[in-house]
Amino acid sequence: MKSPNTQFSGGGRRSSSGAVSMSSSSVGSRTSDRLPHSPSTSTYSSTTTTISQKSNSGRNPVIIAVKSVVEAFASCFTPPEPKSSSTNFGDSDSFKAPSVASDGGRKKRHSSSSSRGRSIYGSENNSTHTKEAGSIKFNMEDIYKATKNFSPSLKIGQGGFGIVYKGCLTDGTVVAIKRAKKNIHDKHSGAEFRSEVRTLEKIEHLNLVKFYGFLEHGEEKILVVEYVSNGTLREHLDSVDGNVLDFASRLDIGIDVGHAITYLHMYTDHPIIHRDIKSSNILLTENLRAKVADFGFARLAADTESGATHVSTQVKGTAGYLDPEYLSTYQLTEKSDVYSFGVLLVELVTGRRPIEPKKEIKERITARWAMKKFTSGDAILTLDPRLERSAANSLAMEKIYELALQCLAPHRQNRPTMRKCAEILWSIRKNYRELAG
């Protein structure tokens, strides 16, 4: 019997290693997999974004040994002061109407801005908001009916932002309903809600959770998204249902996630950085298709047309997946998602969580341990012991690790784009299928 599904970050019962969202008003409300606040770490209180111009730093060669996230934590937790006027992502008017990928993210077509150009926050209570004409309509009464007044029996996940329920709307559509915590003093959760709404309003892709709408009614903040029935990738890697996710399925999932992130980076009107790519944010359908969820940390990328190369912003993400360069410089780019994707690739091969506190010290940071074994010629020792040691699996593992090593390069200029990652994975899968027969 499968365990209850986890629909959002923080993932309910099972969670990956701690996430970072350091704000004096928010740390206590983050999910169980978020890092606790301590005096030794900085307080990230800024919610603004500044665009920084191109730096003069030179290119550095790929360093084989991946830096320890733990080491970076000790020295890099003092955010810089903003140097220029800033733009609040949650209130930005520059988040334009979206493009929709109709063929897996390879083409782009622009939707009418007139259909989505309205303000999505200046609304009255008990109002209904939907993604576009023809979307599902609902009001607060419908939400109460769908969740049986937010019955605990329909709870499928819980995080610092709130609780997620499975519900059935009046037209029969089964959905996931995310109910924000009622905490008027927690400005951070409100910013996450606005960020997630703004992102979900602008995107549509086969490998992203579908957005049906949102609703604000008094203190209630509700997000309604696609219900994905088969749990999270992390649950499957943990074999929560007793079944082992085979290597071919893991490779397919990696490709699905690669497509989703490529779409966010390249095929929206303005590139979007997810900032929290991790296995507990990847939902699986019954046929093991992957859908990336939880856009509470998502940010617009830098406006490269104006010459900007990065966004300077507070550090958010999940420990073990965090880009060490972003962690130390507060400079966010699409390559931060690439780094997280590299960690995810290692997770798919090893089956381990990014941080394994019960392992001996040299194995606790999974990506660092796996890359060291790979570069010393002992990659096979890192393969999930539940997987077959076949020629096809071994060769694909080596190729995946070659890609992961590039994604995990300490400096962003040495990492590939997500589009390149997806292309490489396609090639790996083609060769894998030929060899596996």
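The values are calculated or read from the model by the stated rules, or taken from the named source; none is laboratory data. As the structure is a computational prediction, the values presented were derived from the model and not from experiment. Backbone-built Cβ (ideal geometry, glycine too); neighbour counts: all protein chains shown.
In the range 141-170, the residues that are in contact (Cβ under 8 Å) with a residue 12 or more places away in the chain reach residues that are surrounded by fewer than 18 Cβ atoms within 10 Å (Cβ to Cβ) and of a type in the set (Phe, Trp, Tyr) with C-beta atoms within less than 7 angstrom, at least six apart or across chains, in these pairs: Tyr165/Phe150. Only one of the numbered conditions (1) within 30 Å of Ala301 (Cβ to Cβ); (2) among the β-branched types (Val, Ile, Thr); (3) free of Cβ contacts under 8 Å to residues at least 60 places away in the same chain is violated by Ile400, and that is (3).
Val174 meets each of the listed conditions (1) in contact (Cβ under 8 Å) with a residue 60 or more places away in the chain; (2) surrounded by fewer than 23 Cβ atoms within 10 Å (Cβ to Cβ); (3) β-branched (Val, Ile, Thr) apart from (1). Name the pairs: first residue in the range 309-333 and of a type in the set (Phe, Trp, Tyr), second residue at pLDDT 95 or above, Cβ to Cβ under 7 Å, at least 6 apart or on different chains? Cβ pairs passing all conditions: Tyr321/Ile277; Tyr321/Lys278; Tyr321/Ser340; Tyr321/Val343; Tyr321/Pro354; Tyr326/Leu332; Tyr326/Ser336. Looking only at residues in the range 139-164 that are small (Gly, Ala, Ser) and surrounded by fewer than 20 Cβ atoms within 10 Å (Cβ to Cβ), the one that is nearest to Asn230 (Cα to Cα) is Ser153. For the range 313-323, a residue qualifies if it is in a loop (DSSP other than H, G, I, E, B), modelled with pLDDT of 90 or more and in contact with a Ser or Thr (Cβ under 8 Å, 6 or more places away or on another chain), and the qualifying residues are Ala319, Gly320, Tyr321, Leu322, Asp323. Condition check: more than 23 Å from Arg299 (Cβ to Cβ), modelled with pLDDT under 90 and outside any strand (DSSP E or B). Does Ser153 satisfy that? So Ser153 does not fit the description; no. Looking only at residues of the range 302-312 that are surrounded by fewer than 24 Cβ atoms within 10 Å (Cβ to Cβ) and part of a loop (DSSP other than H, G, I, E, B), we find that the one that is modelled with the highest pLDDT is Asp303. Scanning the range 225-276 for residues that are among the basic types (Lys, Arg) and over 17 Å from the mean Cα position of the chain (by Cα) returns a single hit, Arg250.
Quick one: which of Phe341, Phe374 is part of a helix (DSSP H, G or I), closer than 28 Å to Thr313 by Cβ and hydrophobic (A, V, I, L, M, F, W, C)? Reasoning before the result, please.
Details: Phe374 fails: closer than 28 Å to Thr313 by Cβ.
Just one listed residue meets the conditions, Phe341.
When the test is whether a residue is in contact with a Lys or Arg (Cβ under 6 Å, 6 or more places away or on another chain) and part of a loop (DSSP other than H, G, I, E, B), Val228 passes it. Cβ-Cβ contacts under 6 Å between residues 6 or more apart (or on different chains), taken from a first residue in the range 202-227 that is touching a residue at least 40 places away in the same chain (Cβ under 8 Å) to a second residue that is among the hydrophobic types (A, V, I, L, M, F, W, C) and assigned to a loop (DSSP other than H, G, I, E, B), are listed as His205/Ala101; Val209/Ala293; Tyr212/Ile136; Val225/Val209; Glu226/Val209.
Of all the criteria given as (1) farther than 30 Å from Ala248 by Cβ; (2) more than 17 Å from the chain's Cα centre (by Cα); (3) surrounded by fewer than 24 Cβ atoms within 10 Å (Cβ to Cβ), the one not satisfied by Lys358 is (1). Would you be able to say whether some residue in the range 269-289 is under 21 Å from Leu408 (Cα atoms), acidic (Asp, Glu) and in contact with a Lys or Arg (Cβ under 6 Å, 6 or more places away or on another chain)? No, the conditions are met nowhere in the range 269-289. Glu201 - would you say it is farther than 25 Å from Glu423 by Cβ, buried (at least 23 other Cβ atoms within 10 Å of the Cβ) and among the acidic types (Asp, Glu)? Against the criterion (farther than 25 Å from Glu423 by Cβ, buried (at least 23 other Cβ atoms within 10 Å of the Cβ) and among the acidic types (Asp, Glu)), Glu201 does not qualify.
Pairing each residue of the range 258-286 that is farther than 16 Å from Tyr339 by Cβ with any residue that is among the aromatic types (Phe, Trp, Tyr), provided the two are 6+ apart or on different chains, yields C-beta distances under 7 Å for His270/Phe95.
Selection over the range 241-257 of residues that are in contact (Cβ under 8 Å) with a residue 60 or more places away in the chain and either surrounded by 24 or more Cβ atoms within 10 Å (Cβ to Cβ) or assigned to a helix (DSSP H, G or I) (or both) gives a count of 9.
Answer with yes or no whether Thr285 is in contact with a strand residue (DSSP E or B) (Cβ under 8 Å, 6 or more places away or on another chain), surrounded by fewer than 21 Cβ atoms within 10 Å (Cβ to Cβ), more than 24 Å from Arg386 (Cβ to Cβ) and among the polar types (S, T, N, Q). Break it down into steps so the answer makes sense when it comes.
Details: in contact with a strand residue (DSSP E or B) (Cβ under 8 Å, 6 or more places away or on another chain): yes; surrounded by fewer than 21 Cβ atoms within 10 Å (Cβ to Cβ): yes; more than 24 Å from Arg386 (Cβ to Cβ): no; among the polar types (S, T, N, Q): yes.
Here the answer is no, as Thr285 does not meet what is asked.
Looking across the range 327-355, just one residue is over 21 Å from Asp252 (Cβ atoms) and among the acidic types (Asp, Glu), and that is Glu334.
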